[in-house]
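Coordinate-derived values only; no laboratory data. Here the structure is a predicted model, which means the values were calculated and not measured. Note: ideal-geometry Cβ built from the backbone for every residue, glycine included; neighbour counts use all protein chains shown.
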Ligand SMILES: [Zn+2]
């Protein structure tokens, strides 16, 4: 059983210990990782939603050489004789070696702030909204709490955040004590303890004065002031309830700084003050919607004129007006609109257009109502001959072909259409 020094002191980040066991972890590509067990450790293993510590073990050899072993991960293993903490490293150490452990302190402090911030937020959510915490995840950038709750109004979230920050400013003591299970059960029955883990062993309780009592094996602040601040970043509905995203401590400052930079950049791009950004964006959105509407109206008008010009350019021969065009600089939507327009304004018309704006190119086939042609079926079978797919309605169909093939396919389709649909004058 490994003695967990962080149970007593979350702020201990340097400690002496001895290697009591070592085993080969995994071997990938001929490279082994090693799992090192110490008699005592301040390294926190991944558990309870909190990631592990990383750091360094240092040993001195008999000839005085210093050996440094980076610790990349820390895991705990439950055994029949208790639990053991394994320090994962790329280099081995001999059993019995005296080592000095050093924890990556900025990482630990960050975890302490996020984790303690969670205790505080969970307590305030429970007290103010009767929303209980189901789970907690401490992520690389943000942390989340899953609550038994439906959607929470923005002003309620603001109130919870403000209350939590007031408790931080009051710098209330955060204490740790170990009690027997019977005592913990009594506290649970009195409603003072939020919940109780299933293990029989003595229970470690974390108390934020006049705010929260919680059974937890994690690392915590000594007083709420060390949390620094909490900032709720958003909520999201999840199957079990509501997920609240938040950051604490320096992460809250970093998040606020990041948001500030974004806002400042937006303000600079618009040459306005930061406070004016939301109003300006709303105005721009309204203008942009109106402009899009106007643009659509103009496209429709343009397509009508364009269609009229095509109808004039392409006369009826043998009772058929077959309009074949390639468009390299018009979008598909416009070419489709143009095909429909021209077939709706003049009779005996078939429009066979290729839109080459993208690759694959789009082939469009449309016909006026008085033509005895099913555009969908014709295009489907014409493209199928080339192993391609397409189709549509009787009046309008479309399919795709590689840019360098589309022209050839369209020319061959035009030949077939002409022989199918032309009605040469016989002179009778
Ligand atoms: Zn905790």
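Observations on the structure shown:
- Least to most buried among 76, 8 (fewest other Cβ within 10 Å first): 8, 76
- FRET efficiency, residue 302 to residue 24 (Cβ-Cβ, R0 45 Å, nearest 0.05): 0.05
- Rounded to 10°, Cα long-axis angle of helix 105-129 versus longest principal axis of the chain: 80 degrees
- Label zone (residue 258, point 7 Å along Cα-to-C-beta; backbone nitrogen cut-off 14 Å) within the stretch 116-157: 139-144.
- When peptides 172-178, 236-242 are ranked by their average number of other Cβ atoms within 10 Å per residue, the highest-first order is 172-178, 236-242.
- Contact order, relative form, for the stretch 1-103: 35 percent (alpha carbon pairs under 8 Å, 6 or more residues apart, mean separation divided by residue count).
- Annotation: extensible slack from residue 345 through residue 91 equals 83.3 nm (criterion: 0.36 nm per residue apart, minus Cα-Cα distance).
- The angle between the Cα long axis of helix 277-313 and the longest principal axis of the Cα atoms of the chain comes to about 20 degrees, rounded to the nearest 10.
- Here is how the number arises for the chain: DSSP H runs of 4 or more residues each give -39500 (n - 2.57), the sum is divided by the residue count, and the result at 222 nm is -12500 deg cm²/dmol.
- Centre-to-centre, using Cα atoms only, the stretch 308-326 and the stretch 361-401 are separated by 18 Å.
- Remark: the stretch 125-271 is approximated by an ellipsoid whose semi-axes, taken from the C-alpha gyration tensor as √(5λ), come to 33, 18, 14 Å, largest first.
- Only Cα pairs under 8 Å and 6+ residues apart enter the sum, and on that basis the relative contact order of the chain stands at 10 percent.
- Note on residue 151 and residue 328: the extension gain reaches 58.7 nm, defined as 0.36 nm multiplied by sequence separation minus the Cα-Cα distance.
- For the stretch 200-238 versus the stretch 1-46, the inter-centroid distance based on Cα atoms is 25 Å.
- On Cα atoms only, tilt of 403-421 relative to the major axis of the chain in degrees: 40 degrees
- Between residue 56 and residue 239, the simple label model (points 7 Å from Cα in the Cβ direction) yields a spacing of 4.5 nm.
- In this simple spin-label model, placing a label point 7 Å from the Cα along the Cα-to-Cβ direction at both residue 250 and residue 126 gives a separation of 3.0 nm.
- Taking 0.36 nm per residue of separation and subtracting the Cα-Cα distance, full extension of the segment from residue 72 to residue 104 would add 10.5 nm.
- Peptides 333-343, 313-323 ranked from most to least packed, by the mean per-residue count of other Cβ atoms within 10 Å: 333-343, 313-323.
- Relative counts (whole %) of C-alpha pair distances in the stretch 3-103, using bins that are 5 Å wide: 3, 13, 24, 28, 18, 10, 4, 1, 0
- Among beta bridges identified by DSSP and lying wholly in the chain, the antiparallel ones come to about 90 percent.
- Summary of packing: across the peptides 37-44, 52-59, 390-397, the per-residue average of other C-beta atoms within 10 Å ranks them, highest first, as 37-44, 52-59, 390-397.
- Efficiency of FRET between residue 269 and residue 180 - r from beta-carbon atoms, R0 60 angstrom, step 0.05: 0.45
- Ranked for footprinting exposure by Cβ neighbours inside 10 Å, fewest first, 34, 86, 105 give 105, 34, 86.
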